[in-house]
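Data block below; observations after.
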Amino acid sequence: MESYGTTKAGLVFFTTTCKGLAPQIRVNAVAPYFADTPLVKNNRIAKAYPLVRQMGLMSPKKVVGAMLQAMCNESLAGDTLMVAMGAKPQKLTFYDDLTMQVTSYIASGA
């Protein structure tokens, strides 16, 4: 699971760096909890994950809804929507203002 978490963090950071491409190009990501798909159902590691055993799996429809929001909501650019069971998709935020400014500057190619 370590490589999965590292890869997801890399994608979140990459998405954030793409904020400088807006409004011409908007790049957003969706970070869902475990969804009820064949890939997860047949994965022994995911099945052993304590939260999956405790809470079950999320409906793929909820993930699709977040994907549509990421594509259609023009106020989103360089954002990652976190999708958890029982909650609305929320922006994943862990950067301060300075980090965002530096990231946008780097993405702009200036």
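Bear in mind that the values in this text are calculations on the coordinates, not laboratory data. This is a predicted model, so every value here is computed, not measured. Ideal geometry is used to build each Cβ from the backbone, glycine not excepted, and the neighbour counts take in all protein chains shown.
Laid out as a table, the results:
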read-out: Those residues of the range 1-41 whose amide nitrogen sits under 18 Å from the label point placed on Lys47, 7 Å along Cα→Cβ; value: 1, 34-41
read-out: Prolate/oblate/rounded label for the range 1-76 (Cα gyration tensor, a/c 1.5); value: oblate
read-out: Extension gain (nm, one decimal) between Lys61 and Thr37, 0.36 nm per residue minus Cα-Cα; value: 7.6 nm
